[in-house]
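Working notes, structure below.
The values are calculated or read from the model by the stated rules, or taken from the named source; none is laboratory data. Note that the structure is a prediction, hence the values are computed from the model and not measured. So basically every Cβ, Gly included, is an ideal-geometry build from the backbone, and we count neighbours across all protein chains shown. Heads up: the accessible areas ignore ligands, DNA and RNA and are worked out on the full protein's heavy atoms, side chains in. Shrake-Rupley method; radii C 1.70, N 1.55, O 1.52, S 1.80 Å.
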Amino acid sequence: MRPNILHICTDMQRFDTIHALGNPVIRTPNLDRLCEEGVAFTQAFSPSPVCISARCSMITGQYPMHTGCYENTVMPTDGRSTFMSELKAYGYHTYGIGKCHFTPDRYELKGFEGREVQEEGIETAVNLHRNHYLTYLHDRGYDHICEPHGIRGEMYYIPQPSQLPQKDHPTTWVGDRSIDFIRREHDRPWYLFSSFIHPHPPFTPPNPWHKLYRPTDMPLPEPGEELLTFVNRVQNRYKYRDQGYDRHIVRAIKAYYYGCISYVDFQIGRILEALEESGQLDSTLIVFNSDHGELLGDRNSYGKRSMHDASVRVPMLLRYPGRFDGGRRCDRPVSLVDIAPTLLEAAGCDSRSMTTHRLDGVDLHRILTGESEREAVFAQLSYRDPIVRKAIDPEQLHVLDSRDAHAHLSSYMAVTRDWKYCYSAPDDREFLFCRNDDPGEHRNRIDDTQVVGAKAHTKQLLIDHLVEGGETSGLEDHDWRHFSTLRINPDPDAGLLIQDFYTPWAQMELPEGYRR
C-alpha cells in the first residue's frame, strides 16, 4: 500500500532548535513527538545554505553543480522533473500550501496539481488573486496591513510582534489550510507540502507568543569571530548588524526566533491531530525539515549562506511505522538531496532517477539501515546576490563582472561523520573542523600536522565530487584556484538592505509636507 506523504518544511530553522534533540530552552512538544515516534537524522545538511538554491536541490534531488542554481537566482527552466511531478505521474494527488520560493515564476506548479500560495515579496494588484494568503487578508479588511510578514530592510533583525492576531497570522493560515486538505475525501494517495515562512526573519510571532521566551532565558551566541568569511561580513552589513554588539538585542532576537519556531510547532500539533482524527496518521509518511539554518549571532554574525553548522545544518525528522520508527537517531551525514529518492522509494517509484535526470541523493532508509556506503555530503554557494555590488570594496567591483565571478564568489563544503572541510574562494581560505571533538566549530585545524591525513582525504572527496559533476571553474591542477581576497566596502552605509514588501492595497503616500 502506497503511503500518503506529509512534507512539513520551515525556512531558516537551525538544527539545534528541537527540545528532544538537546535544546533545554526551546519548547517543541510536537517535533519532540516526531523524534520519539520516528527517526531523527541529526547530521543533516543543506546542499546550498540559501532559500532558492536549497529548495531547488531538494525538489530535483540534485546538487547545485547539476541544477545551475547556486543562490537566490533562477531555478532550471528546461522542464526538469521534480519529485512532485514524478509522484503526480505515479498517481499521487500533489498539493502545495505556503512558501515554495519558485523562480522565475513564483506561481509555477512544478509538479503540484494545486497550490495555495503564501510568499513574501512585492505583489501587484493584478496578481492579488494568485497570492491566496494576501487575498485572504484583503477579504477580511486588513487595509492597514502593508507588511504582513513583518517589516524588513532596516528592521530585518529587530524583534517585532506581528501586526496580525493569531487567527490570521501567516503561520496559522498554513496550519489551517493543511488541516482542511487532510480532512478532504481522497480517492488516491496524496503528497502535501506544508511550508512555513517562519522562522525566517523578520521574527514576528503573534501575541502572546512573542512573550513565550525572555531575553535573559536565552543562551549567548557561540564565539569565534575570527572564523568569519567574506559572505558573513556582507550579510552583517546589509542586515544592519555590523556596527557593534548589544548583548540585550542579541538575546531578544533569539527569544523571538524561538517564539516563531514554537508557534510553528503548535501548528504541527494541530496537523498531526487532524491526521489522527481522520485515521491517516500511521498510513502517512511524515517528513520534517528546513531549507537551511540561521547564524543568529554566533561568531557575531547573522543570516545564512555560511558553511558553519548554524547556517548549513538543518533539522530532519521522518516518521512512518515500519520504515522510519522507533525513536531512533541516525548520525550519518545526509542532505536535502536525499529527500527526493526517499519519497519516491516509499511511493514505489524508481529512487535512482527521475524522468529527466539521475538523482544525486540516496534513499534515507538505505542510510538508516547501512545499505548505503556513502561517506560524505556536499554543499556549494556562489554569492552573486545583487547586494554584493553595493557591499564590496568599490576597487574590486570588476570582480563581479569578470568571467571568473562564479568561481571567485563560491564557497564549498564536504562533511563526513568525523570531519568537515570547507573552502571559501573569496577569502582563499580553507577550514577543517573535527565533528567529534569540536562540535561548536571553534578550532580550525587546517594547519594542524596531527590531522593532515584527515584534511587530505576530506578535501579530496570534495574535489573529486566537483570534478565528477563538471564543476571545475574554481579548480586548477586538481586543487583550488587562488583568487584575490575580497574586501567589504569601508563605508558603513554602503550595502544596507532596503526591502519594502508592501501589500498591493497599501496606501503609502504621505501628506504633503512630509514626503521625501
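Against the criterion of being modelled with pLDDT under 95, more than 22 Å from HIS66 (Cα to Cα) and open to solvent by 10 Å² or more (accessible area, probe 1.4 Å), LYS390 qualifies.
With respect to LYS254, determine if the residue is over 23 Å from SER290 (Cβ atoms) and out of contact with any Lys or Arg (no Cβ under 9 Å at 6 or more places or on another chain).
The answer is no for LYS254.
Scanning the range 40-51 for residues that are out of contact with any His (no Cβ under 9 Å at 6 or more places or on another chain) and either open to solvent by 10 Å² or more (accessible area, probe 1.4 Å) or of a type in the set (Val, Ile, Thr) (or both), we see that the one that is nearest to VAL74 (Cα to Cα) is GLN43.
Residues checked against (1) in contact with a Lys or Arg (Cβ under 6 Å, 6 or more places away or on another chain); (2) surrounded by fewer than 21 Cβ atoms within 10 Å (Cβ to Cβ); (3) not polar (S, T, N, Q):
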site: SER53; (1), (2), (3): no, no, no
site: GLY68; (1), (2), (3): no, yes, yes
site: MET75; (1), (2), (3): no, no, yes
site: PRO104; (1), (2), (3): no, yes, yes
site: GLU119; (1), (2), (3): yes, no, yes
site: LEU134; (1), (2), (3): no, no, yes
site: ARG140; (1), (2), (3): no, yes, yes
site: GLU154; (1), (2), (3): no, yes, yes
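Considering only the range 156-171, how many residues are over 19 Å from ALA252 (Cβ atoms) and either surrounded by 17 or more Cβ atoms within 10 Å (Cβ to Cβ) or in contact (Cβ under 8 Å) with a residue 60 or more places away in the chain (or both)? Count: 5.
Scanning the range 426-470 for residues that are open to solvent by 50 Å² or more (accessible area, probe 1.4 Å), without any contact (Cβ under 8 Å) to a residue 40 or more places away in the chain and under 30 Å from ARG389 (Cα atoms) yields a single hit, VAL467. Among the residues of the range 224-251, those identified as out of contact with any His (no Cβ under 6 Å at 6 or more places or on another chain), closer than 17 Å to GLU294 by Cβ, in a loop (DSSP other than H, G, I, E, B) and of a type outside the set (S, T, N, Q) are LEU228, LYS239, TYR240, ARG241, ASP242. Number of residues in the range 331-366 that are under 25 Å from ARG14 (Cβ atoms), of a type in the set (A, V, I, L, M, F, W, C) and open to solvent by 10 Å² or more (accessible area, probe 1.4 Å): the value is 1. Any residue that is within 27 Å of GLN499 (Cα to Cα) and either open to solvent by 10 Å² or more (accessible area, probe 1.4 Å) or not β-branched (Val, Ile, Thr) (or both) - is there at least one of those in the range 268-287? Looking for residues that are within 27 Å of GLN499 (Cα to Cα) and either open to solvent by 10 Å² or more (accessible area, probe 1.4 Å) or not β-branched (Val, Ile, Thr) (or both), one finds none in the range 268-287, hence no. Here is the figure for the range 27-45: residues that are in contact with a Leu (Cβ under 6 Å, 6 or more places away or on another chain) and either of a type in the set (Gly, Ala, Ser) or free of Cβ contacts under 8 Å to residues at least 60 places away in the same chain (or both) total 2. Across the range 305-326, the qualifying residues are those that are open to solvent by 10 Å² or more (accessible area, probe 1.4 Å) and of a type in the set (Lys, Arg), and the one among them that is nearest to HIS365 (Cα to Cα) is ARG323. Could you grab me the full set of residues in the range 304-340 that are farther than 26 Å from GLU225 by Cα and of a type in the set (D, E, K, R)? Residues satisfying the conditions are ARG319, ARG323, ASP325, ARG328, ARG329, ASP331, ARG332, ASP338.
Let's see how each residue does on (1) surrounded by 24 or more Cβ atoms within 10 Å (Cβ to Cβ); (2) at pLDDT 95 or above:
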| residue | (1), (2) |
| --- | --- |
| MET58 | yes, yes |
| SER81 | no, yes |
| TYR95 | no, yes |
| GLY98 | yes, yes |
| HIS101 | no, yes |
| ARG115 | no, yes |
| GLU123 | no, no |
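PHE196 falls short of the stated requirement of being in contact (Cβ under 8 Å) with a residue 12 or more places away in the chain, in contact with a Leu (Cβ under 7 Å, 6 or more places away or on another chain) and closer than 29 Å to HIS93 by Cα.
Scanning the range 395-408 for residues that are closer than 14 Å to ASP385 by Cα and without any contact (Cβ under 8 Å) to a residue 40 or more places away in the chain, which turns out surrounded by the most Cβ atoms within 10 Å (Cβ to Cβ)? Here the residue is ALA405. Kindly establish whether HIS186 is assigned to a loop (DSSP other than H, G, I, E, B) and either polar (S, T, N, Q) or in contact with a helix residue (DSSP H, G or I) (Cβ under 7 Å, 6 or more places away or on another chain) (or both). So HIS186 does not fit the description; no. Close contacts from the range 492-516, counting a first residue that is touching a residue at least 24 places away in the same chain (Cβ under 8 Å) and in a loop (DSSP other than H, G, I, E, B) and a second that is among the β-branched types (Val, Ile, Thr) and surrounded by fewer than 10 Cβ atoms within 10 Å (Cβ to Cβ), with Cβ to Cβ under 9 Å and a gap of 6+ residues or different chains, come to PRO504/THR124; PRO504/VAL126.
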